1. Those residues that are of a type outside the set (D, E, K, R) and surrounded by fewer than 16 Cβ atoms within 10 Å (Cβ to Cβ), I need them from the stretch 69-82; list them, please.
2. Based on what the data block shows, is Thr85 more than 8 Å from the ligand (Cβ to nearest atom), closer than 20 Å to Leu111 by Cα and modelled with pLDDT of 95 or more?
3. Quick one: which strands (runs of 3 or more DSSP E) lie wholly within the stretch 1-71 and hold at least 2 residues that are closer than 20 Å to Asn87 by Cα?
4. How about the stretch 28-44: which of its residues are surrounded by 15 or more Cβ atoms within 10 Å (Cβ to Cβ), more than 11 Å from Ile7 (Cβ to Cβ) and either within 11 Å of the ligand (Cβ to nearest atom) or hydroxyl-bearing (Ser, Thr, Tyr) (or both)?
5. Just checking, how many residues over the stretch 11-27 are more than 8 Å from the ligand (Cβ to nearest atom) and either at pLDDT below 95 or under 22 Å from Tyr62 (Cβ atoms) (or both)?
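The values are calculated or read from the model by the stated rules, or taken from the named source; none is laboratory data. It should be emphasised that the depicted structure is a prediction, and the values quoted were computed from it without experimental measurement. A quick note on method: Cβ atoms are made from the backbone with ideal geometry, for glycine too, and the neighbour counts reach across all protein chains shown.
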Amino acid sequence: MTIFAKIIQGAIPCNKVYEDEHILAFHDIAPRAKVHVLVIPKQMHLAGLQDVSDADRELMGYMMAKIPHIAALLGVDKTGYRVVTNNGPHSGQEVPHLHFHILGGEQLKHL
Ligand code: 5GP
């Protein structure tokens, strides 16, 4: 079980930003920007984008549609923010549970 699965189950606490029946958003424990929040699906079958199939289209669309709402809750919707998902070893992905990083609250280095 991943650390995110434990967070979903409430076994490990998190600093929650948003939750509904499909997703959970919480502050990253080691923020890389003034605002650094993780958005994760509650379903546990996706380690990363490599596992996404047509069956996940609704969930993927749901998460993308909710990210601007979460950004607004964080107060970064007007100033802008970056959405990142690490996928596999070369990306440095640490937690094998699909997640999107929302980064903002300050000027980010151009990619
Ligand atoms: P990845 O490198 O897999 O894309 O991102 C995993 C993220 O999860 C990292 O930014 C890391 O700081 C964060 N993280 C790891 N363990 C915990 C935890 O227990 N709580 C929270 N809130 N974030 C965590």
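1. First, the residues of the stretch 69-82 that are of a type outside the set (D, E, K, R): 69-76, 79-81.
Passing the criteria: His69, Ala72, Leu73, Gly75, Thr79, Gly80.
2. Values: more than 8 Å from the ligand (Cβ to nearest atom): no; closer than 20 Å to Leu111 by Cα: yes; modelled with pLDDT of 95 or more: yes.
In short, no.
3. Values: elements: 16-19, 23-27, 35-41.
Counting at least 2 such residues, we get 23-27, 35-41.
4. Our first condition is that a residue be surrounded by 15 or more Cβ atoms within 10 Å (Cβ to Cβ); within the stretch 28-44, this holds for 28, 33, 35-42, 44.
From the residues that got through so far, the ones that are more than 11 Å from Ile7 (Cβ to Cβ) too are 28, 33, 35-37, 39, 41, 44.
Answer for the stretch 28-44, where residues must be surrounded by 15 or more Cβ atoms within 10 Å (Cβ to Cβ), more than 11 Å from Ile7 (Cβ to Cβ) and either within 11 Å of the ligand (Cβ to nearest atom) or hydroxyl-bearing (Ser, Thr, Tyr) (or both): Asp28, Ala33, His36, Val37.
5. Looking only at the stretch 11-27, we keep the residues that are more than 8 Å from the ligand (Cβ to nearest atom), and these are 11, 13, 16-25.
Narrowing the set further to residues that are either at pLDDT below 95 or under 22 Å from Tyr62 (Cβ atoms) (or both) leaves 16-25.
Selection size over the stretch 11-27: 10.
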